[in-house]
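Here's the structure, in structure tokens; my notes come after.
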Amino acid sequence: MLRATQAAKIVDVAPRTIYNYLKNNKVFAVKVAGNTLRVCSHCLLRDGQMPEVDDTEFTPDHREYLQEWANNLGVSVESLLGRIVKATCEGDLYVEKAPKGRPDDQSL
């Protein structure tokens, strides 16, 4: 989690732009210690796009599980991964319509 000024440096924009991104739901943040915001470093977005997920370490079981989950929701795997990233950045666990019997976490 980063301060808005730190996040601004990472994506090479003014801090005000980070606050505009927050207002427009292009990045995610949590409030800490009153009104202090911390921006999720993994959720910094460019051009309104979610960051790409590197799935090279996913096993076929993981891919099958994600596809089943996406099918349960009626969305693409990419959209599902975006939802998971967003929830994670907000400190939540995304489990909506998750299939039973998920792949072994140790295989990641």
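Throughout, read-outs are computed from the coordinates displayed, never taken from laboratory work. Predicted model, so just to flag it, every value in this text is computed and none were measured.
List of remarks:
- Among the listed pairs Lys31/Lys97; Lys9/Lys86; Lys26/Lys86, those whose Cα-Cα separation exceeds 19 Å are Lys31/Lys97; Lys9/Lys86.
- Less than 5 angstrom separates the built amide H of Leu2 from those of Val39, Cys40, Ser41, all sequence-distant by 5 or more or on a different chain.
- Mean separation of Cα contacts under 8 Å, 6 or more apart, over the residue count of segment 1-48: relative contact order %: 41 percent
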